[in-house]
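*Asks:* Once you've had a glance at the structure underneath, I'll fire off some questions.
The values are calculated or read from the model by the stated rules, or taken from the named source; none is laboratory data. Treat the numbers as computed from the prediction; the structure is a model and nothing was measured. In this analysis, Cβ positions are derived from the backbone assuming ideal geometry, glycine residues included, and neighbour counts consider all displayed protein chains. Note: accessible area is taken over every heavy atom of the protein model, side chains too, but ligands, DNA and RNA are not part of it. Shrake-Rupley method; radii C 1.70, N 1.55, O 1.52, S 1.80 Å.
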Amino acid sequence: MIRPLNEEYGISVAALKMLQYLKQISRGDASFSILDTTLNHRCNVTPPDNFKLLDQLFDAGKIDYDYRGTGLDSERHVKLVR
């Protein structure tokens, strides 16, 4: 029996849709990254500071974070793991 891809990865269906969107907009560019709140907004995650889907993808080893800036000006960018 073939398991659904989200079960194979150990993530929710919503997290799989976010991963598919991230792959689509990155267009194979290994250096592509996007601000975590921007990705949440584009994937209709509410509230925009709810990072449960990103946490699932990170725990599954599908994404990594790139931190930019320091202190209050720091930003967390999401990038695909290749």
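*Asks:* For the range 35-46, indicate whether the set of residues that are open to solvent by 50 Å² or more (accessible area, probe 1.4 Å), assigned to a strand (DSSP E or B) and out of contact with any Leu (no Cβ under 8 Å at 6 or more places or on another chain) is non-empty.
*Replies:* Taking every residue of the range 35-46 in turn, none turns out to be open to solvent by 50 Å² or more (accessible area, probe 1.4 Å), assigned to a strand (DSSP E or B) and out of contact with any Leu (no Cβ under 8 Å at 6 or more places or on another chain).
*Asks:* Applying the selection to the range 14-34, what residues are open to solvent by less than 80 Å² (accessible area, probe 1.4 Å), of a type outside the set (Ser, Thr, Tyr) and part of a helix (DSSP H, G or I)?
*Replies:* Ala14, Ala15, Leu16, Met18, Leu19, Leu22, Ile25
*Asks:* Yes or no: Asn6 outside any loop (DSSP other than H, G, I, E, B) and open to solvent by less than 60 Å² (accessible area, probe 1.4 Å)?
*Replies:* Taking the combined requirement at face value, the residue satisfies it.
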